[in-house]
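For reference, the structure discussed in these notes is given below.
The values are calculated or read from the model by the stated rules, or taken from the named source; none is laboratory data. Small disclaimer: the values here were computed from a predicted structure and weren't measured. Note: ideal-geometry Cβ built from the backbone for every residue, glycine included; neighbour counts use all protein chains shown. Note: accessible area is taken over every heavy atom of the protein model, side chains too, but ligands, DNA and RNA are not part of it. Shrake-Rupley method; radii C 1.70, N 1.55, O 1.52, S 1.80 Å.
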4 protein chains.
Amino acid sequence: VSEPGEGGFPTLSDLEALASRRVLDHIWAYIEGGAGDERTMRENLRAFERWVLLPRVLEDVSAVDLRTTLLGAQCATPFFIAPMAYLGEIHPDGESGVARAASGAGTLAAFSTLSTHSIEQIAAAAPDGPRWFQLYLQPEFRVSASLVERAERSRFSAIVVTLDAPVLGVRDRQTKGGFAIDSSRPVGSGEDVLPPSRVPVLQGGTYRLRSDAASNWNVVRDLASVTRLPIVLKGVLTVEDARRGVAAGAKGILVSNHGGRQLDGAIATLEALPPIAAALGSEIEVYLDGGIRRADDVLIALALGAKAVGIGRPILWALAVGGATGVGHYLSLLSTELATAMALAGRRSVSEIDRALVERRSVH
Amino acid sequence: VSEPGEGGFPTLSDLEALASRRVLDHIWAYIEGGAGDERTMRENLRAFERWVLLPRVLEDVSAVDLRTTLLGAQCATPFFIAPMAYLGEIHPDGESGVARAASGAGTLAAFSTLSTHSIEQIAAAAPDGPRWFQLYLQPEFRVSASLVERAERSRFSAIVVTLDAPVLGVRDRQTKGGFAIDSSRPVGSGEDVLPPSRVPVLQGGTYRLRSDAASNWNVVRDLASVTRLPIVLKGVLTVEDARRGVAAGAKGILVSNHGGRQLDGAIATLEALPPIAAALGSEIEVYLDGGIRRADDVLIALALGAKAVGIGRPILWALAVGGATGVGHYLSLLSTELATAMALAGRRSVSEIDRALVERRSVH
Amino acid sequence: VSEPGEGGFPTLSDLEALASRRVLDHIWAYIEGGAGDERTMRENLRAFERWVLLPRVLEDVSAVDLRTTLLGAQCATPFFIAPMAYLGEIHPDGESGVARAASGAGTLAAFSTLSTHSIEQIAAAAPDGPRWFQLYLQPEFRVSASLVERAERSRFSAIVVTLDAPVLGVRDRQTKGGFAIDSSRPVGSGEDVLPPSRVPVLQGGTYRLRSDAASNWNVVRDLASVTRLPIVLKGVLTVEDARRGVAAGAKGILVSNHGGRQLDGAIATLEALPPIAAALGSEIEVYLDGGIRRADDVLIALALGAKAVGIGRPILWALAVGGATGVGHYLSLLSTELATAMALAGRRSVSEIDRALVERRSVH
Amino acid sequence: VSEPGEGGFPTLSDLEALASRRVLDHIWAYIEGGAGDERTMRENLRAFERWVLLPRVLEDVSAVDLRTTLLGAQCATPFFIAPMAYLGEIHPDGESGVARAASGAGTLAAFSTLSTHSIEQIAAAAPDGPRWFQLYLQPEFRVSASLVERAERSRFSAIVVTLDAPVLGVRDRQTKGGFAIDSSRPVGSGEDVLPPSRVPVLQGGTYRLRSDAASNWNVVRDLASVTRLPIVLKGVLTVEDARRGVAAGAKGILVSNHGGRQLDGAIATLEALPPIAAALGSEIEVYLDGGIRRADDVLIALALGAKAVGIGRPILWALAVGGATGVGHYLSLLSTELATAMALAGRRSVSEIDRALVERRSVH
């Protein structure tokens, strides 16, 4: 764990502003931008302000334990690094650096299909993990299957299938910022891997999308047939879809709206979480990403039923500011803040973070 | 369909700011201004932020179909161009240019009584339509009847009767901006056509308004007697008035508050829509205008019962920026955004945009 | 009625900003300031944004009648000029000018005990009225009685007794602005007339206030015994106090919080109005002041049960901008705006402004 | 009581801005900063805007009495000075100056374990009190006991045990501002007194906190065994903990979240108060601190069940502006404002401030 002071930011409050000065404008547009008018991106944050914490006092909190298990793997924290694309565009340390920082902290990290470094490079950088592999469903199933097999061979411990990107969202800030990946370089995971397609094409009165947009619930069973790894479905926002996922064999549901980068207007993840966790939290693990910034956000999501929460943009900020060291410092700051918050809330362990800790905020 | 890049704006986010730099101040005051303190104008927009989308995943969305029928006519999109006055003041392409752009996109356009180009010029510019004619009730019924007959002869396919303007609203921004039409030029539709009157005159303790303000529900039947075209009532905001309209023979109700330009304080159209659609949506077609900016707005209104939605100010912005080309580009951007949003929502066709797609947003 | 253009402001939107440039800073602090942190002053305005209008269409609105009766007197408008102190400090036309403008418009005006011009001067300036006299309860009842008798002799037609000022509110903006009346000049109504006292004095652990703060409900009966004029109680905010007032013989209740200048934190008048009007509106007349700026505000308050509404600060602004002419112009603009709004709402007369016109706005 | 004008600020509105110019930046960061993103700090203030006052008129309010008893002691005001650390860092007058000002006003003051001046110096500065001693539970109980005994000997009349600081909150503004106490100087209360610890230390997967974080409910009984003074528990936010406290022998509950400086996200104190006061207000005394700025805040909290309210940051502001004189002036301004507000609300004494005075504000 890095020491306070390393990585260049003294507190979590400084991180976003510092990062904005470290990357080129078009990269910043990519990091910060959301879909459409960015309603969902804003709502992801605001949803946390609708809940307040009800701490308990005079519990013995001389020792606070942040550890949890995620799909059977020991993790040092109930937060993990959400999968994000193209980390090498933000800092040369890229996915390998993030993997080293996460592994050093004992924190789970999920890595994207659209990585700068390959599956194998990531595994080599931090052999001890824990880590998950995020899969974009590929137009050809054999490509998806090949990615999953490589991840399994490289000792990734779960497959996170992204379901909210049959086509790329309309991202104005990114478009205007001119964000573009050097297409002469293949993504790290291989030359035949394709990102979601951007522009629907009008043909005969109908918009044709990429063939992987044709995926249906059978693909979950197909994936389960080519791997022993547990499957997590990412991008689910309704109880109905979560139930379908469990019926199809998923072991985890990651409540996500892609950080507000896909369907603008979609419900905030924190608003979508409680009914899904209530309906299915006893059968499978339910996670959330979107809007997690500080320890109180973690407490709220866990109290509302999340087994763990994914951290997105703050990891990009920390990576931009200090590479792997910056990410390690971020994880350290957030861990100590979470330990502090749990002590102040009178909760000694993750299992003590219960529904009684939170209450809907009174309306302004 | 125009290509991205044409018309001068890369994304929908840029349009309003770009347009503001292309027109004279008094024209901008006309475009942007509303009635009174502009409460209703603002509320029209804010109402859309009170709903969120609940997308479905793993539907096969490899083909998305935006087409619909409006009063029996095939239309390429479930949005249409709302009727707006004096388009020639904004760009020389005027109504004819808008007609060409709409026809090229297969999108329905409605044209105002108070047009710069005449009914016949509009029809000649884009013979294939589809298009509707908007009628301001005239002090003399024979003038109204004459306009309707000319529209019918020019193959307009419906008459949209504006009911929310028995007198012109108090529009401070427009007044201060000095917006004025050159009264030496007749409006396009003819020399005997009159706009709604502005200033009530006090006589004997009573304010006397223009004689067409005397219109009552009989006028709907009178109009039906002089045309075979279906009649749409524009400006209805209550279930009671919508029922009266249906009883009087209307085939469509356009829930509208004139873009917040008439009665300030009037309910936002999106708030007025659900009870009207619930009560009458199975008997007639219900539409909405006011506040539609992006694809998620379209989805919300359709999910709440609108058969289609009218686009207002964004068309004026696009016209200001790039004339007919700009309007075409706007329609193209909005269409691809809508196709994208439908795919991301798991809805392949307009008929699949159901009530389950939306949920009232949690209160902040 | 003055013509648009006279008095120096083209629309109601411009009035406040224009006025701010016409008066000295300490006068402006007096006009604009409220009590404490000015919560109630802001709330008075915001309360109107919580209601929306549901207009009716295709009513015959060729003639719109704004007239009403207030305590039996014919008035041209359902709004009146609320009583305000020291009008001569704002413009040399003072109370006499306001009286002339109001009388010219046929609008009721109420004049304050703390006037620059005397009761008799006001009556002489505009003999035809209609006008009411506002009474601050004086430490000695004989002074109150004398004021009432003078008002009655000068053909004022009602006495408005202010009940929300047993002591002056804490007004920081006014204090900092240094607003002070030249105490060598008596107020217009006479040398023995005293304003509410400002600073409570601590004596023996108890704050002693001015002796008129000792008033109780008997004072209403006492006043009734010295005048035949109907008594209106101003500053009532609860049903309980309104009932007491009716029991004591009041003929009208003016729901008011002194424009947010007395008890900061007090309920907005529009929120206080509905239960009082529902409970007592059939027995006596109920009025409201506080936050009325535009025609839609008038419609909302009348729809919620007010017989008429008082206008406060806008009259001061108009007076500052154009003296009596400015006030006349304001009344003219507001009257035509109200006639327009009634036409657009489908209401031909004040009696048609019913509860169905308004609906609680959806929450943001 | 100081006269208006002394101490350098004419109204309560000016105080915060004036103070910001009188202290060094790092001190200002200490005064103003809260924990994390300062949600709770902001919410403490906003919670007061969710209630409105319903004044009564025509009560005889010629004399208004602010006096109350707190745990049996006579106090001139129903507000008291909340305990705050390191007052000598803000102004050389320090705790002794605050004690003199409070005693002069007859207002209760609570003094922190982490004082610049010692328990005995404070008592000597203002022998008449009334005053309370705030205790941070010390790692060794003998140190806590010693502090309590010294306070009792110095005629403090109650012990306020802070329960919401088993570890120091994460305070970004303070960290960035570089606030630090000169550790070569012991805190005023003695060399063996320790502040709450800042950084949890990770050992073997568990965060170890200072041993006083091990405190449980037995500590309340242990304290009761070494003093005859009544014990007030500070930092309680739930009914459950308040009940435990009463069962353990506490005579008062101070509903507090440490001014938003400990657990960010914690419920606003005004939201936490009503259920605690309803459940236990008849058995013990319930107080509140957090967000009290003006007289209406005091009225709201008392109407919702607080026996008295603590003032925090405004005292620091007043101390920064004018030392003991500034604090005295603040207490004088707030007292006269409260007397004024009670008169305007129709409440002559603290006991008349009842639940009927307040109503939940309508939602915006």
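A point 7 Å from Cα along Cα→Cβ stands in for C:A278, and the other copies hold the same point at 2.2, 2.2, 3.1 nm, listed in rising order.
Got the relative contact order for chain D handy, in percent, Cα pairs under 8 Å and 6 or more residues apart?
Once divided by the residue count of chain D, the mean separation gives 29 percent.
In this structure the amide hydrogen of D:F111, modeled in the peptide plane, comes within under 5 Å of the amide hydrogens of D:W132, D:F133, D:Q134, none closer than 5 places in sequence on its chain.
Selection among B:A242, C:G326, D:A301 by position relative to the dipole of the protein assembly as shown gives B:A242 as farthest towards the positive end (Cβ unit charges, Cα centre). The fraction of all Cα pairs in region A:209-364 landing in successive 5 Å bins from 0 to the largest distance is 2, 8, 15, 17, 18, 17, 12, 7, 3, 1, 0, given as whole percents. Computed from the Cα positions only, the extents of region B:1-138 along the three principal axes stand at 50, 39, 36 Å, in decreasing order.
Go through A:309-318, D:271-280 and give me the packing order, highest mean Cβ count within 10 Å leading.
Highest-to-lowest ranking by the protection proxy: A:309-318, D:271-280.
Per-residue packing, averaged as other Cβ atoms within 10 Å, sorts the ranges C:225-237, B:159-171 into the order B:159-171, C:225-237, beginning with the highest. Solvent-accessible area of the protein assembly as shown (1.4 angstrom probe, protein heavy atoms only): carbon and sulfur portion equals 50 percent.
Approximating the spin labels as points 7 Å out from Cα along Cα→Cβ, the C:E140-to-D:R46 distance works out to 5.5 nm.
So what is log10(I(q)/I(0)) for region D:42-108 at q = 0.29 1/Å, when the Debye sum runs over its Cα atoms only? Here log10 of I(q) over I(0) equals -1.12.
With protein chains left intact and a 1.4 Å probe, residues in region A:1-127 average 33 Å² of accessible area per residue. Here each label is just a point 7 Å from Cα along the line to Cβ, and for A:D192 and A:A279 those points are 3.7 nm apart. Residue by residue along A:60-70, Cβ atoms of other protein chains within 10 Å of the local Cβ number 5 on average. Treating each Cα of region D:56-202 as an identical point scatterer and summing with the Debye formula, the log10 of I(q)/I(0) at q = 0.09, 0.13, 0.15, 0.20 Å⁻¹ comes to -0.33, -0.63, -0.80, -1.26.
Which residue, B:G205, B:G88, B:G322, has the most motion in a Gaussian network model of chain B that connects Cα atoms within less than 10 Å? Comparing B:G205, B:G88, B:G322 in the GNM, the peak value goes to B:G205. Net charge dipole, chain D: roughly 480 debye, given to the nearest 20, about the Cα centre with Cβ charges of +1 for Lys and Arg and -1 for Asp and Glu. With the convex hull drawn around the C-alpha atoms of region A:1-76, the volume per residue stands at 214 Å³. Across peptide D:259-269, the average count of Cβ atoms from other chains found within 10 Å of a residue's Cβ is 6. For the residues of D:161-169, the average number of beta carbons from a partner chain within 10 Å of their own beta carbon is 5. Taking every Cα-Cα distance in region A:194-249 and sorting them into 10 Å bins from zero, the calculated P(r) comes out as 19, 39, 31, 11, 1 percent. Proximity of backbone amide H atoms, modeled 1.01 Å from N, is registered between D:W51 and D:R361 at under 5 Å, excluding neighbours fewer than 5 places apart on the same chain. Across all C-alpha atoms in region D:123-237, the radius of gyration and Dmax reach 15.8, 52 Å.
Treating the protein assembly as shown as a set of equal point scatterers at the Cα positions, no solvent, please give the Debye-formula log₁₀ I(q)/I(0) at q = 0.04, 0.09 Å⁻¹. Per q value, in the given order, log10 I(q)/I(0) is -0.29, -1.32.
In the assembly of identical copies, C:G8 has its label point, taken 7 Å from Cα in the direction of the beta carbon, separated from the corresponding points by 4.0, 4.0, 5.7 nm (ascending, one decimal). Dipole check for the protein assembly as shown: with +1 at the C-beta of Lys and Arg, -1 at the C-beta of Asp and Glu, and the Cα centre as origin, the magnitude is about 1280 Debye. The chain A residue nearest the rotation axis shared with chain C, using its Cβ and rounding the distance to whole Å, is A:V363, 4. Principal semi-axes of the equivalent ellipsoid, √(5λ) from the alpha carbon gyration tensor of region B:123-165, are 20, 12, 7 Å from largest down.
Based on DSSP H assignment, which helices of chain A show an axial Cα extent of at least 30 Å together with a mean Kyte-Doolittle hydropathy greater than or equal to 0.0? Working shown, then result.
Numbers: long enough: A:313-345 (32 Å, 1.02).
Membrane-span-like by this criterion, though nothing is claimed about a membrane: A:313-345.
Across the copies of the chain, B:S225 has label points (7 Å from Cα along Cα→Cβ) spaced 7.1, 7.1, 10.1 nm apart, shortest distance listed first.
A 1.4 Å probe run over the protein chains yields, for region A:226-276, 25 Å² of accessible area per residue, whole-number rounding. By the Cα gyration tensor, chain B has an equivalent ellipsoid whose semi-axes, rounded to whole angstrom, run 30, 23, 21 from largest to smallest.
The charge dipole of region C:115-247, taken about its Cα centre with unit charges on the Cβ of Lys, Arg, Asp and Glu (plus for the first two, minus for the last two), comes to roughly 200 debye. Calculate the length of the line joining the C-alpha centroid of region C:190-253 to that of region D:303-364, in whole Å. First find each Cα centre; the distance between them is then 25 Å.
Would you work out which of C:G106, C:A63, C:I31 lies farthest towards the positive end of the dipole of region C:1-130, given +1 charges on the beta-carbon of Lys and Arg and -1 on that of Asp and Glu, about the Cα centre? Looking along the dipole axis, the top candidate is C:A63. Compared with its chain on its own, region B:276-325 contains the following residues whose accessible area drops by 30 Å² or more in the full protein assembly (probe 1.4 Å; ligands, DNA and RNA excluded): B:R294, B:D296.
Think of the protein assembly as shown as having a plus end and a minus end, set by charges on the Cβ of Lys, Arg, Asp and Glu; of A:Q262, A:G346, D:L344, A:G346 sits farthest toward the positive end of this dipole. If the chain linking A:A214 and A:D14 were pulled fully straight, counting 0.36 nm for each residue of separation and taking away their Cα-Cα distance, it would gain 67.7 nm. Among B:D297, B:D60, B:D354, the residue with the largest mean-square fluctuation in a Gaussian network model of chain B, with springs joining Cα atoms closer than 10 Å, is B:D60.
Could you report the buried accessible area between C and D, both sides summed, computed with a 1.4 Å probe and given in Å² to the nearest 100? Write down the numbers at each step before the final one.
Values: alone 15470 and 15480 Å², together 27210 Å².
The contact between D and C buries close to 3700 Å².
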